[in-house]
Amino acid sequence: SLLGANCRRHWLLGLLGAELCKAAAAMAGGNGADPQEPAMLTLASKPLLKFEGPQERPVLCEEGLALLMGLPGPVCPVAFVGDGRSGKSFLASKLTGEGTFKEDDSDVAVTEGIDVAVMQSHPGHLVVLDCEGGNNAMSKSHSIVTVVGALIATALVFVTDGKASEAAVEALAHMLEERSLIKCDGTGSLHAQSLFFVVNQNRLRYSEDALEKILAAKHDRDRQELRELISSTYAQDRRQFFTIPADSKPEFEAKWSELHNAMREAATPLKMGKLWMTGAQVVQMLQQIEKLLTKHGKVSLPSLHRHVILDGWLKPTVGQVLGSRMDKLLESFNEDELATQKVGTVSGNCNECGAEGAAGWLDPDIEEFFCEPCWRKFSPRVLKCGFCNGFHPWVRGRVEQVTKMWHCMDCLMQLGIEIDA
């Protein structure tokens, strides 16, 4: 996290968590409904992400964003991904309500991009994402769909049609490879996500440990690497295998019930650090993902965390706290706790000139290290503060050693970090 081991971060996030818990409790108990019986908030799904123009530029849709924007925390996202024309929309509608997502039996992909539906579910809301098929020969797959599924969903449902084929294993592995667009560098990490490998309209007989046998099978080096990627991404206790027969079969309801219950249990609240996210913060995440992929071709997870936590919540909260004498609230912290962060020199390898072990700092937008001489060439007059994102003269800030970023003196002083002369 941006503030490292600093105890004041934990206090602020704990304060927010308590407020969110109060809000969730009030929401769950305020309508008199049985919390075990979910109530649909949308009669039909809304478009969340589509593609425009000859370049197929990703565009977030206002209808889907508006649906998410008003949701209090917690939100529990489930994403349906996998083969094109495999019945993802059918299964997503089974979870949310018949006809929620558009279904069709043609050879043309029904879902392009991502559609979303929301249902109330104690203690918050279930957010269901129906994503376009990854291997449909009649439509183009878009990597942003995979990135959104990786960052937003706490339960990922990979659907293949008919049987657990080698092509399905390859499709899942290639989808995971696209997550290389998500940059994690120690200041942020992907949340724990559960995988459901679902064979829809199953035509074969599988044992319960079918997925483990598939992943453990010995093959040539290329296919072995694909299996290792799946195994390393999802620990054994976070991956499950299900088969769903055609809905005309007598065993359909029992099989569906098993999958349904497992998905509901795995769809845990989406968190960023210790923060239960609200719908508005999910919208901020989506907007920042779109912006970072369009501008840089990748998503910096620390930058994403900072944008949502700092810009969306921490900065306004700190402003309110400062207005009520933050210095009084910090009196209970000892000197060791307050000395966790300090200004000083940070060394690293410059991403511009290649200098090794050079003094410099991280770019607050892309989380990459540049040496001081390169910073002098990039921005000779002003620098961007890693906390407030304001631009200030060089002399009005310092490099902080935990965040490895340049911060303005005002932010350093507000955080209680001692500044040298």
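The values are calculated or read from the model by the stated rules, or taken from the named source; none is laboratory data. Worth saying up front: this structure is predicted, and the values here are computed from it rather than measured. When we count neighbours, we look across all protein chains shown, and the Cβ atoms used for this are built from the backbone with ideal geometry, even at glycine. Only protein heavy atoms, including side chains, enter the accessible area calculation; ligands, DNA and RNA are left aside. Shrake-Rupley method; radii C 1.70, N 1.55, O 1.52, S 1.80 Å.
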inquiry  = Within the range 61-76, does at least one residue satisfy the condition of being under 21 Å from Glu178 (Cα atoms) and touching a residue at least 60 places away in the same chain (Cβ under 8 Å)?
reply    = no
query = Within the range 289-301, how many residues turn out to be open to solvent by 20 Å² or more (accessible area, probe 1.4 Å) and either more than 30 Å from Asp365 (Cβ to Cβ) or outside any loop (DSSP other than H, G, I, E, B) (or both)?
reply = 6
ask   = Of all residues in the range 235-266 being in contact (Cβ under 8 Å) with a residue 24 or more places away in the chain and among the small types (Gly, Ala, Ser), which is surrounded by the most Cβ atoms within 10 Å (Cβ to Cβ)?
value = Ala266
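From the list Arg376, Arg381, Arg396, which one is surrounded by 13 or more Cβ atoms within 10 Å (Cβ to Cβ) and of a type outside the set (Val, Ile, Thr)? Explain how you work it out, then say what you get.
On the way: Arg376 fails: surrounded by 13 or more Cβ atoms within 10 Å (Cβ to Cβ); Arg381 fails: surrounded by 13 or more Cβ atoms within 10 Å (Cβ to Cβ).
Answer to the check: Arg396.
Just the residues that are assigned to a helix (DSSP H, G or I) and open to solvent by less than 50 Å² (accessible area, probe 1.4 Å), please, taken from the range 51-88.
Gly64, Leu65, Leu67, Leu68, Lys88
Just need a number here: residues in the range 251-281 that are outside any helix (DSSP H, G or I) and more than 18 Å from Tyr206 (Cβ to Cβ). Lay out the reasoning, then the answer.
Narrowing the range 251-281 to residues outside any helix (DSSP H, G or I): 251, 267-278.
Checking which are more than 18 Å from Tyr206 (Cβ to Cβ) leaves us with 267-278.
Counting residues in the range 251-281 that are outside any helix (DSSP H, G or I) and more than 18 Å from Tyr206 (Cβ to Cβ) gives 12.
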request  = Please enumerate the residues belonging to the range 225-234 that are without any contact (Cβ under 8 Å) to a residue 40 or more places away in the chain and open to solvent by less than 50 Å² (accessible area, probe 1.4 Å).
outcome  = Ser231
remark   = With criteria (1) at pLDDT below 85; (2) farther than 21 Å from Thr278 by Cβ; (3) of a type in the set (Val, Ile, Thr); (4) in contact with a helix residue (DSSP H, G or I) (Cβ under 8 Å, 6 or more places away or on another chain), Thr42 comes up short on (2)
message = If I ask for residues that are within 18 Å of Met175 (Cβ to Cβ) and surrounded by fewer than 12 Cβ atoms within 10 Å (Cβ to Cβ), which ones from the range 202-224 would you list?
response = Asp222
